[in-house]
1. When you scan segment 235-256, do you find a residue that is charged (D, E, K, R) and surrounded by 21 or more Cβ atoms within 10 Å (Cβ to Cβ), even just one?
2. In contact with a Cys (Cβ under 7 Å, 6 or more places away or on another chain), assigned to a loop (DSSP other than H, G, I, E, B), modelled with pLDDT under 85 and not charged (D, E, K, R): is that true of N349 in this structure?
3. For segment 310-331, state whether one or more residues are open to solvent by less than 10 Å² (accessible area, probe 1.4 Å), more than 26 Å from D199 (Cβ to Cβ) and without any contact (Cβ under 8 Å) to a residue 60 or more places away in the chain.
4. Determine, yes or no, whether L206 is assigned to a strand (DSSP E or B), open to solvent by less than 20 Å² (accessible area, probe 1.4 Å), in contact (Cβ under 8 Å) with a residue 24 or more places away in the chain and under 30 Å from L341 (Cα atoms).
5. Restricting to segment 163-176, and then to whatever is free of Cβ contacts under 8 Å to residues at least 60 places away in the same chain and open to solvent by 40 Å² or more (accessible area, probe 1.4 Å), can you tell me which residue is farthest from W198 (Cα to Cα)?
6. Do you know which of the residues in segment 144-194 that are assigned to a helix (DSSP H, G or I) and aliphatic (A, V, I, L, M) is farthest from S221 (Cα to Cα)?
7. What is the number of the single condition among (1) of a type outside the set (S, T, Y); (2) surrounded by fewer than 17 Cβ atoms within 10 Å (Cβ to Cβ); (3) modelled with pLDDT of 85 or more that L377 does not meet?
8. In the set F281, F265, F285, F294, which member is without any contact (Cβ under 8 Å) to a residue 40 or more places away in the chain and touching a Ser or Thr at 6+ places or on another chain (Cβ under 9 Å)?
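The values are calculated or read from the model by the stated rules, or taken from the named source; none is laboratory data. Bear in mind the structure is a predicted one, so any value in this text is a computation, not a measurement. Positions of Cβ are backbone-derived with ideal geometry, glycine not excepted, and every protein chain shown enters the neighbour counts. Surface accessibility is based on the protein's heavy atoms, side chains included, excluding ligands, DNA and RNA. Shrake-Rupley method; radii C 1.70, N 1.55, O 1.52, S 1.80 Å.
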Amino acid sequence: MKPQSPFSIYTSRQHLKLLSGLLLFALGFGFGIISSFYFVSSDAWTSPPPLLELTSRPSAIAMSSAAAPARPVDRSTAASKSPSEATMHGMTEEELLWRASMVPRIQRPPSAESKPKVAFLFLTRGELPLAPLWEKFFEGNEGLYSVYVHANPEFNGSAPPKGSAFYGRRIPSKRVTWGGMDMMEAERRLLANALLDWDNRRFVLLSESCIPLFDFRTVYSYLVDSARVHVECYDLPGSTGRGRFPARLRPHLTPRQWRKGSQWFDIDRDLALEVVSDTAFFPLFQRHCGARCFADEHYLPTLVNARFRHRNQNRSLTWVDWSRGGSHPARFRRGSVTAELLEKMRNGNRSCRYDGRRRGACFLFARKFLADSLDRLLGIAPSLMGFNLNAGKKLRGIDSIH
């Protein structure tokens, strides 16, 4: 046999090394694919935990490793789930607030499949008697809004039918008392659930007695196009304003920072994140703002005034009639609902500011409408407000109502 030359031996060794490297690469690549498939498909990663009753007391979020939930975080958005699953979870309140506060602040780039949404947050006692009116308002605008309902846990009314904008939108909740700090805790609970959907950009707080004053596309443009938030903040001398300031808030808060305002807000995603992750003001209010403090009228106005004043338009978008005095605003029954009344709410005051400029259309919503007013509202509102006339068409600009 003819002996191999040193060059041929060298070449054979190079081929062997090359083949060995390719084999190791293939084995590593295959192992990576199998590992990825396991973690993505594992029940421990993707299956939602069983629904648990929220029993722990809300508290400030400790932004440390100890505060992180033990279970892996499911980063899928609520928009990718069915309506009945979107608000169901087994998180404790601390886990919910922690997870919501950790949702990225950088918005996903706009695309044909992903548009900014408005989150409508309904804080209710139980029933939503005006839901049929809201159904007309939402109709034809799917993908541009989200609905979240916080009702007292004892409420066992019938569930909305499939296909309803309210179907499957009730979140895990706790009892709420009028004027108590637990009302502000409920508002923060609503915000936290809504923040889990990355497409939600504006957050509007409403009650079961609220109605819309314009068609959906007009309201949507007004909110999404705004560079400012709408939180009413004012300094009120006397017992119902400065007189409610708890002395034990000093020195962290002073009477000069104390503000009052309507609880019915419109805020953007950045401020919503600040509210659910607030470890300075919120714990103070929990400890020292008792029944006579009325936290729902003071916490958010005080927070916004102290830290975010430059971003606030300093007014509520919800029309309320306080002309009759007392602790509660005027209520509207069937006999008082007229086209003239609704037109007054829509255009009666045209001296408000929008993004720092003096323009009209101060209010997008109104309250308090009782259940027996529904049939009159359904007879007047759709034609007056143009419900469904612009569904599926290009969004109208803000100048359309100014």
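1. no
2. Details: in contact with a Cys (Cβ under 7 Å, 6 or more places away or on another chain): yes; assigned to a loop (DSSP other than H, G, I, E, B): yes; modelled with pLDDT under 85: yes; not charged (D, E, K, R): yes.
Against the criterion (in contact with a Cys (Cβ under 7 Å, 6 or more places away or on another chain), assigned to a loop (DSSP other than H, G, I, E, B), modelled with pLDDT under 85 and not charged (D, E, K, R)), N349 qualifies.
3. yes
4. On the way: assigned to a strand (DSSP E or B): yes; open to solvent by less than 20 Å² (accessible area, probe 1.4 Å): yes; in contact (Cβ under 8 Å) with a residue 24 or more places away in the chain: yes; under 30 Å from L341 (Cα atoms): yes.
Yes; evaluated as a whole, the condition is true for this residue.
5. Residue satisfying both the conditions and the ranking: R175.
6. Applying the filter and picking the extreme gives M181.
7. (2)
8. Testing whether each residue is without any contact (Cβ under 8 Å) to a residue 40 or more places away in the chain and touching a Ser or Thr at 6+ places or on another chain (Cβ under 9 Å) leaves just F281.
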